[in-house]
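A.B. asks: Submitted below is the structure of interest, expressed as structure tokens.
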Amino acid sequence: MRLLVVEDEKGLAEALRRGLSNEGFVVDVVHDGVSGLWAASENPYDAVVLDLMLPRKNGYDVLRELRGRHVWAPVLMLTAKDGEYDQADAFDLGADDYLTKPFSFVVLVARLRALIRRGAPERPVVLEAGTLSLDPLTRKVMRGDAPVELTAREFGLLQYLMRRRDEVVSKAEILDNVWDPAFEGSDNVVEVYIGYLRRKIDAPFGLATLATVRGMGYRLSADRPPRRPGGR
Ligand code: CA
């Protein structure tokens, strides 16, 4: 498995090279965005670890240009807590996953292995779950032929759930991935937003695709019959 690490903090880059090599990956490291874009365009990597704030070309531009060149290697983006972008942006621009610095190396390896397992199909730009579709670029959400209007947060939440369609996703994962890392409110906010989404993507269509998995989290699946009245 061959990885590209694009990271300008030399110490971190070197630690990643060592650590990931010890995990059995073949690791190339470059320290700026232009070199990253070039390396990822020229070589077939199984995954790319891409820092957001990079000299010469930032991670978002690298990612956008890669996808524009039809390079579909999975990209895990590294973002900083005080970054000017939020995580929803990382997904919008086609990152497959991201971690906020400082991150746990063990988590990084687990996420990379998961990304590599999923592989790099020529991903459809539009995400789909049954008759529900979401276009990250135009930010358009449709249920069948009917447009669905979402707020930015609802959109971020739905996008995350669609990327993990048919998986049970915990509240903690949702908070980590859809809310600002500095968010310290109650995780009840997730439940509230799940409720908002249901009222927009399911209820008007007589569907119940966004299920509560008791004690575990939520799962978005392809269309299902409506829940029984009063059921959850
Ligand atoms: Ca950086």
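A.B. asks: Relative to the Cα centre, what is the charge dipole magnitude of the chain, using +1 at the beta carbon of each Lys and Arg, -1 at the beta carbon of each Asp and Glu, and rounding to the nearest 20 debye? Don't skip to the answer; put the middle values down first.
C.D. replies: Working: 33 positive and 35 negative charges, 202 e Å.
For this selection, approximately 960 debye.
A.B. asks: Something else now. Taking H placed 1.01 Å from N in the peptide plane, check which residues at least 5 places from residue 80 or on another chain put their amide H under 5 Å from its amide H.
C.D. replies: Here 101 satisfy the definition.
A.B. asks: Go ahead and estimate [θ] at 222 nm for the chain from helices alone: -39,500 (n - 2.57) per DSSP H run with n ≥ 4, summed, over the residue count, rounded to 500. Spell out each step's value before the answer.
C.D. replies: Details: 8 runs with 83 residues, N = 232.
Helix contribution divided over all residues of the chain: -10500 deg cm²/dmol.
A.B. asks: Set Lys and Arg Cβ to +1 and Asp and Glu Cβ to -1, take the dipole of the chain about its Cα centre, and tell me which of 221, 41, 183 lies farthest positive.
C.D. replies: The listed residue farthest towards the positive side: 221.
A.B. asks: Could you give the nm distance between label points at residue 187 and residue 21, where each point is 7 Å from its Cα heading toward the beta carbon?
C.D. replies: Using points 7 Å along Cα→Cβ, the separation is 3.9 nm.
A.B. asks: I would also like to ask the following. Taking H placed 1.01 Å from N in the peptide plane, check which residues at least 5 places from residue 27 or on another chain put their amide H under 5 Å from its amide H.
C.D. replies: Counting only residues 5 or more places away or on other chains, the set is 3.
A.B. asks: For residue 34 and residue 105, what does the FRET efficiency come to when R0 = 30 Å and r is the distance between their Cβ atoms, rounded to the nearest 0.05?
C.D. replies: Values: r = 27 Å, r/R0 = 0.89.
Efficiency for this residue pair is about 0.65.
A.B. asks: Further, regarding this structure: For residue 166 and residue 222, calculate 0.36 nm times their separation in residues minus their Cα-Cα distance, and state this gained length in nm to one decimal.
C.D. replies: Details: separation 56, 0.36 × 56 = 20.16 nm, distance 0.78 nm.
Working it through step by step, the gained length comes to 19.4 nm.
A.B. asks: Something else now. Take residue 72, project a point 7 Å from its Cα along the Cβ direction, then tell me which residues of the range 136-171 have their backbone nitrogen under 18 Å from it.
C.D. replies: 136-137, 163-165
A.B. asks: Also, I was wondering about something else. For a quick check: sort 12, 52 by the number of other beta carbons within 10 angstrom, fewest at the front. Before the final figure, lay out each step's value.
C.D. replies: Numbers: 12 15, 52 24.
Taking fewest neighbouring Cβ atoms as first place, the list is 12, 52.
A.B. asks: Residues with amide H under 5 Å of residue 132's amide H, sequence separation 5 or more or different chain, H placed in the peptide plane at 1.01 Å from N; which?
C.D. replies: Amide H neighbours of residue 132, under 5 Å, 5+ apart: 144.
A.B. asks: Additional query: With helices defined as uninterrupted DSSP H runs, which ones in the chain have an alpha carbon span along their own long axis of at least 15 Å and mean Kyte-Doolittle hydropathy of at least -1.0?
C.D. replies: Values: long enough: 10-22 (18 Å, -0.50); 105-118 (20 Å, 1.21); 152-163 (16 Å, 0.02).
Span-like helices here: 10-22, 105-118, 152-163.
A.B. asks: Is any residue of the range 8-39 close enough, with backbone N under 11 Å, to a label point placed 7 angstrom from the Cα of residue 1 along the Cα-Cβ axis, and if so, which?
C.D. replies: 20-21, 23-26
A.B. asks: May I pose another question? How far is it, in nm, from the label point at residue 153 to the one at residue 58 when both lie 7 Å from their Cα along the line to the Cβ?
C.D. replies: Between residue 153 and residue 58, the simple spin-label model gives 2.4 nm.
A.B. asks: Would you compute, for the Cα atoms of the range 127-220, the largest minus smallest coordinate along each principal axis and list the three values in descending order, in whole Å?
C.D. replies: Projected onto the principal axes, the Cα atoms of the range 127-220 cover 37, 28, 19 Å.
A.B. asks: According to the Kirkwood expression over distinct Cα-Cα pairs, how big is the hydrodynamic radius of the range 2-118, in Å?
C.D. replies: Working: mean 1/r = 0.0727 Å⁻¹.
Roughly 13.8 Å, rounded to one decimal.
A.B. asks: Regarding the chain, what's the average projected area of the Cα-atom convex hull, expressed in nm²? Kindly include the intermediate steps, with their values, before the conclusion.
C.D. replies: Numbers: hull surface 51.4 nm².
Seen from a random direction, the Cα hull of the chain projects 12.9 nm² on average.
A.B. asks: Once you list every other residue whose beta carbon is under 13 Å from the beta carbon of residue 168, what net charge do they have if Lys and Arg are +1 and Asp and Glu are -1?
C.D. replies: Working: positive: 164, 165, 171, 214, 219; negative: 166, 167, 173.
Neighbour charge sum, excluding residue 168 itself: +2.
Values in this text are rule-based calculations from the coordinates and carry no lab data. In this text the structure is predicted, and so the values were computed from the model without any measurement. FYI the Cβ positions are ideal-geometry reconstructions off the backbone, even for glycines, and counts take in every protein chain you see.
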